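Down below is the structure, laid out as structure tokens.
Each value in this text was obtained by applying a stated rule to the coordinates, not by laboratory testing. Source: prediction; values computed, not measured. Neighbour counts are summed over all protein chains in view; Cβ atoms, including those assigned to glycine, are modelled from backbone coordinates with ideal geometry.
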Amino acid sequence: MTASAPALAAAFRPALRLALAAALGLGVPIAPAFLPLPAAAQDAAARTEEEPTALFADSVTFDGTWLTATGAVEVLRDETRLTATRIAYNQDTGALEIDGPIRITRAGGDVVVLASAAEIDTELQNGIMSSARLVIDRQLQLAARRLDVIDGRYLRLSRSVASACEVCAARPVPLWEIRAKEVIHDTEERQIYFTDASFRLMGTPVLWLPRLRIPDPSLERASGFLVPELRTDSTLGTGVIVPYFITLGDHRDLTVSPYLATSTTTLNLRYRQAFYNGRLEMNGAVSQDDTRDGTRAYLFAEGEWTVGRGLTFGLDLRAVSDIAYLVDYGISDDDTLPSQLTLSRYSANEALSAELTYLRTLRASEQDIEDTLPFFLGEARYERLLDLPKLPGQLRFGLSASSSYRDSKEDVEGYDVLRLGTEAEWSGSRIFASGFRLDTTAAGYVDGYAMHQNSLYGDTALRVTPAVETRLSYPMVRQTAGGASEILTPLLQIGWSRTWGDEVPNIDSTLVEFDEGNLLSLSRFPGSDRRETGLTAAAGLHFAHDGPGSRYSVTLGRLLYLSDTGDFAEASGLADTRSDWLLGVGLGFESGIALTSRTLFDDAFELTKWEARLDLTRPRYEVGASYAYVIADAAENRDRPVDEFRFDGSVRLAANWRADAEYLYDFNGGEATKAGVGIEFLNECVRLRLGMSRRYSDTDALDPTTSYSFSVGFGAFAAEGGKSTRCAF
């Protein structure tokens, strides 16, 4: 509430100047009156440049001693507005009296002062207001019999009551309030100090504190306690998390959150810093618990900086003491832990990216073979687009490098690889008068390899792959009677490629996704270790509708190969001379319904892969459901199918009540793997949150866990806030 004392000063000063003007012989009874008072004329010796002040009143009188403005008195100066029924100035004593109801507001409305009467000195630094009420940032109200203005900085309220609750006539007692013998508001530091404070719930005292300090709600950052959380966990027991926020200047802060429970003692830390060219955030914790011997901990660090010449440097570092820690403490469910350093630059015709990745598996089944898995990965890529003035089309040139290393010293199982590559790709298109569109691409790839600890391959390898493809499409457009635009596009592609050179292990192309985006691509492999070879053909049909209130699209396609290379896994849908059918569907309606689906199936309509997501969004509720199915495939390290259903949603039960839920079911195991529900109450007065979750995973490293959590925040001091339109209690 930095503006409180200045608001008083700026508002009272017009009346004082009006009185001084009258003392100089300028005061004449006027009814009604409007007096513009330019500051330069009234106080030229002290101030040469100030904004003018205006006084509106029904009547202004001067009896030789008292200058009095009565009626609908309104004083305007800068962004401050004061209204009262009477303002009087005593020329002999310098006393300034204001009769209410008095209301002082600023243009932004962040501070409102209400009082029945006021007396203040001519310096506007000290004064008294009776039956005063202070509203800060439309969130916190403080009421007192007396408000003292001290040295133009402090506001002292005697026998005060503070609350963020909206008081209704039917229930005049707020849900919570702080009663204090004395409250001092430091308008410069924006801190509020309570003496002999009693915290009450529904009028009943529940806590007494001899001293209490809270930040002004208008202060965005202030050191102090945040909303605590009660938590009950079948693994960690019952405990409480009490966060404490510490400001470290304008650009840094630290949050310390002790977590004390029956089975754990944990210290959570979060550090944030903003730089002129970037940001840094670090999250971590150190724990001593009953689940494992020794100290458990984790550390996540994330940052991004611009480092000149259009380059952006980023880091995402992750470390953990054991594979179960993140799940036990509800931090993350990820089964791998990547740490990355990145450098990138992008422009209209140029792209540069480089990253180093340290990868750690958190899967219990892979702990015994972790040294045979790639743990250090490096990748760099540079691409540039060139327009050829004497040739049609566009040329893309690229350089790339990648590497992978393993801890194992065993032959084959511990092999390391370094790859350097270059590529060039020309593409052009032509649209014929008949409406046909012809797109042609010709490309060449050269990759060199250096390998270590793999007797199945040579120490070095060189591979050259030329490729060419032609696509023919015939978009047909029509406008419907309802104003919608529809496009039906038959698609046909013929492609050829061949690789000359040595065999190399497959590192970067083990997982292949066949979807609408690469139906007409030169290669469906995501990396460089494998490229499609031979003669291929692709055929498809795409339909899109874009109309008032609805938008949907359907894509159907298939690939044909002259011969089966055996490079694709069965689950990719490409492991034969004829691929699975690809069916992609996207729907969106103005009513809030959205559906996305991608399916791979064979000629007998047997599913290989299916992913679908359905969402329904309405003003009162949001619900979503998804289903995922992928066949088992040893080539993708999956010994059983993925067959999962997920549901999540939230609903507004009443004006201030909201509930949410999530559910994950594994059809293979015949049981739920995760479930959770929560309910929340939120208004301008209080925020209550109660949640329950259950994780059903049962492995050597993880046990099934049930967790309960409860948090409460009060009004302006909650993590979130909102202005209620009705009385909730």
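Longest span of the chain, sites excluded, free of trypsin sites (Lys or Arg not before Pro) in DSSP loop with at most 13 other C-beta atoms within 10 Å? Let's see the in-between values first.
On the way: sites that count: Arg47, Arg221, Arg309, Lys390, Lys409, Arg498, Arg620, Lys723, Arg726.
Result for the longest clean stretch: 48-220.
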- request: Pop out the ³J(HN,Hα) list for segment 402-412 in order, Karplus 6.51 cos²θ - 1.76 cosθ + 1.60 with θ = phi - 60°, rounded to Hz; leave Gly and Pro as x.
  value: 8, 8, 8, 9, 10, 6, 5, 9, 7, 5, 6
message: How much length would be gained if the chain were fully extended between Lys409 and Lys674, taking 0.36 nm per residue of separation minus their Cα-Cα distance, in nm to one decimal?
response: 91.5 nm
- request: Provide Trp426, Trp208, Trp657 in ascending order of the number of other Cβ atoms located within 10 Å of each residue's Cβ, fewest first.
  value: Trp208, Trp657, Trp426
statement: Gyration tensor on Cα atoms of segment 453-652, a ≥ b ≥ c root eigenvalues, a/c under 1.5 rounded, else prolate if a/b beats b/c, else oblate, says oblate
Efficiency of FRET between Ala170 and Val712 - r from beta-carbon atoms, R0 25 angstrom, step 0.05: 0.55
- prompt: If one takes the longest principal axis of the Cα atoms in the chain, at what angle in degrees, from 0 to 90 and to the nearest 10, does the Cα axis of helix 4-21 lie?
  reply: 40 degrees
For Glu532, distant residues with modelled amide H under 5 Å away: Arg524, Phe525
task: Take the alpha carbon gyration tensor of the chain, find the square roots of its eigenvalues, order them as a ≥ b ≥ c, and report rounded if a/c is under 1.5; if not, report prolate when a/b exceeds b/c, else oblate.
output: prolate
- request: Round to the nearest 0.05 the FRET efficiency obtained for Glu220 and Glu570 when R0 = 56 Å and r is the Cβ-Cβ distance.
  value: 0.50
statement: Subtracting the Cα-Cα distance of Leu280 and Ala301 from 0.36 nm times their residue separation yields 6.8 nm
task: List Asp137, Asp92 from most exposed to least, where exposure is judged by having the fewest other Cβ atoms within 10 Å.
output: Asp92, Asp137
message: Using Cβ contacts closer than 10 Å as the measure, can you line up His185, His545, His251 from fewest to most?
response: His251, His545, His185
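Which value at 222 nm does the chain reach when only helices count, each DSSP H run of 4 or more adding -39,500 (n - 2.57), with the total divided by all residues and rounded to the nearest 500 deg cm²/dmol? List each step's numbers first, then the result.
Numbers: 3 runs with 26 residues, N = 729.
Counting only the DSSP helices, I get -1000 deg cm²/dmol.
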query: How many angstrom separate the Cα center of segment 423-502 from the Cα center of segment 252-288?
result: 48 Å
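In debye, nearest 20, what is the charge dipole magnitude of segment 453-652 about its Cα centre with +1 on Lys and Arg Cβ and -1 on Asp and Glu Cβ, if you could check?
Roughly 800 debye for segment 453-652.
Assuming 0.36 nm per residue, please report the length gained on full extension of the stretch Leu395 to Asp698 beyond their Cα-Cα distance.
Working: separation 303, 0.36 × 303 = 109.08 nm, distance 5.39 nm.
Stretched fully, the Leu395-Asp698 segment lengthens by 103.7 nm.
Please state the relative contact order of the chain as a whole percent: Cα pairs under 8 Å, 6+ residues apart? All intermediate terms of the calculation are to be shown ahead of the outcome.
Working: 1928 pairs, mean separation 42.1, N = 729.
Once normalised by length, the contact order is 6 percent.
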